[in-house]
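Since the structure comes first, as structure tokens, the remarks are kept for the end.
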Amino acid sequence: MLEIGGMRVDDLAKTYQTPLYVYDENQLRTRLKDYATLFQSDDFETGVLYASKAFSCCAMVKLVQEYGICLDVVSGGEIYTAYKAGFDMTKAYFHGNNKSLDELQMAIDTKVGTIIVDNLMEAQALNEIAKKSDHLIHVLLRVNPGIDAHTHKYIVTAHVDSKFGVSMMQEKEIVDLIQTFEDNPNLSFDGLHAHIGSQIFDKNAFVAEIEKMFGFVKKLESDYGIHLNTIDLGGGFAATYTSEDHPIPLDEVCKTILDTCKKENTKQGLSIQKILIEPGRSIVAEAGSTIYTVGFTKQTPNKNYVFVDGGMADNIRPALYQAKYNADIANKMEQAKDCIYTVAGKACESGDVLIEDIALPKCEPGDLLVTYTTGAYGYSMASHYNKLLTPGVVFVANGKAREVIHRESYEHLIGLENND
Ligand SMILES: Cc1ncc(COP(=O)(O)O)c(C=O)c1O
């Protein structure tokens, strides 16, 4: 029987029902600690912002706070979660390409420390709203450096049409935007942010990003007399989903980033003081697994299906971008994997396939199938398609489990409906 965090998977399934998201809490803690200790420099003030979109809940926010890590939030809901969890909101950074005026006001009211402005209209709106603030708000601008790194390779493009940020090619717009804040005593414009992609395996992508960012900061300084002190390089650090994935080791990626920043600061004659990164997936993905119960199996002329009691509603990533996962039958860990299966979910969509062609022991109803590395963008992207219940989430450590999010009930499901 497979164990996670010292707990038998069948005990977890029995106590909390399936599907169930399970996080190995010690693994989460190790990852947070590693980021906090490895992303340190004698040359810069540094900050690690956990991108809470990867997995946001009060328990996770509390863990993040324990390790002195900051928080990237992207909506009123993520602000609310952090605030209710007692997070020090001065260490929160508010992202988003279409923040509503209410969300901006909420950020000010809850004393979110930094707002990352995404476009000129937002800058103007923030400038107005912030006039009534009773405290100083730090501001960064998201720029689009034209580097796309969503895969093993990265490409430097002239891609100027992203919905996020202002392209570095739109220099005048960037200068106008920065000048919007000039006379507002409640706003401090600190610097630039960029995020070049997800699941990045090539450290040269970050090197290219840093060179572009520092080069651009230099241009703003020499051509327009704009002095900046902060660069936020975004997230995108890869996780291991299958044996084909080989992420850059954390110490190596941290060192590469900080060394390159130092080199560029000297080369460009700049005095950037603060470097930020925003890992999401690489903190939570590998610590998470999902437990399913096997239902029926079925043979077609070309496939062996095993059906599980969840699927695209709790993990949209395979359907959305052909993400690959590994799995085991928790109660048959020592049996030969001599059958090739397609693991499919129970939703009414042919695309509801979690894994194509995986070798597993012969599956039978009641078996417990565990998919690994589901800790990022699983729960946070869950849907109610087919009115499936969102699974619960448990943190396990040293043989003990604690339920950090309850499994939904049918009452929750229609709880907000007008059933007159
Ligand atoms: C602005 C920004 N920062 C950080 C992240 C986190 O990325 P990852 O989870 O790949 O580290 C994202 C992901 O979409 C993002 O858009």
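The sole residue among His159, His152 that is over 21 Å from Gly280 (Cβ atoms), of a type outside the set (S, T, N, Q), within 16 Å of the ligand (Cβ to nearest atom) and at pLDDT below 95 is His159. Residues that are touching a strand residue (DSSP E or B) at 6+ places or on another chain (Cβ under 7 Å), under 28 Å from Lys91 (Cβ atoms) and within 13 Å of the ligand (Cβ to nearest atom): does the range 260-272 have at least one? No; the residues of the range 260-272 include none that is touching a strand residue (DSSP E or B) at 6+ places or on another chain (Cβ under 7 Å), under 28 Å from Lys91 (Cβ atoms) and within 13 Å of the ligand (Cβ to nearest atom). Scanning the range 186-218 for residues being within 14 Å of the ligand (Cβ to nearest atom), under 14 Å from Ile115 (Cα atoms) and of a type in the set (Gly, Ala, Ser) gives a total of 1.
Given the structure, is Thr90 without any contact (Cβ under 8 Å) to a residue 24 or more places away in the chain, surrounded by fewer than 20 Cβ atoms within 10 Å (Cβ to Cβ) and within 27 Å of Leu141 (Cα to Cα)? Judged against the criteria, Thr90 is a match. Of all positions in the range 355-373, none carries a residue that is crowded, with 21+ Cβ neighbours inside 10 Å, of a type in the set (Phe, Trp, Tyr) and touching a residue at least 40 places away in the same chain (Cβ under 8 Å).
The values are calculated or read from the model by the stated rules, or taken from the named source; none is laboratory data. In this text the structure is predicted, and so the values were computed from the model without any measurement. Quick reminder, even Gly has a Cβ in these numbers, built from the backbone with ideal geometry, and neighbours come from all protein chains shown.
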